[in-house]
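Written below as structure tokens is the structure these notes are about.
The values are calculated or read from the model by the stated rules, or taken from the named source; none is laboratory data. Predicted, not measured: the structure shown is a model, and the values here were computed from it. Heads up, the Cβs are rebuilt from the backbone with ideal geometry, glycines too, and the neighbour counts pull from every protein chain shown. With ligands, DNA and RNA removed, areas are computed over all heavy atoms of the protein, side chains included. Shrake-Rupley method; radii C 1.70, N 1.55, O 1.52, S 1.80 Å.
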Amino acid sequence: MVAGTTAPEDVLAGGPDPGDGDDYRADGPSRHTDQQAAEYFRTNWGLDDKALKHLKDVRSVGGYLRIYTDLPETADNSLTAIILCERGYAYLRSRGVEEPVVFVQAEFGENGNPVLANILGPADKSCRVTSPAPD
């Protein structure tokens, strides 16, 4: 499910936003939305899920799953970001992806959509962003 300014039951029902263009900010469904991922989130966690209410869009880009939220860039490694990352990982695994890569991203701001949580492949064991790398 992708939540936002549109009523939850209407999300993705109408297809891409007519204003969707090159400067699209991933703040709601678009022609780039991964419809299967959106359906997976909505079906498995429902419209009343607290973490899911922060989901604005979900896209498969360059082999990666990108989960765009309305969370501020200060929400790195927050419980909500971690939960969404884990769910994105579960989605990719359910699709048979052997080396899932997931990025949970903050709302659009001065720094674009900063990463709040991620899985960077088979060596990454948690969704926590560790930058700089831990000792």
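Annotations for the structure displayed:
- Checking each residue in the range 57-78 for being open to solvent by less than 30 Å² (accessible area, probe 1.4 Å) and within 9 Å of the chain's Cα centre (by Cα) picks out D57, V58, R59, L65, I67, Y68, T69.
- Test: residue in the range 79-102 that is exposed (fewer than 13 other Cβ atoms within 10 Å of the Cβ) and within 15 Å of L55 (Cα to Cα): yes
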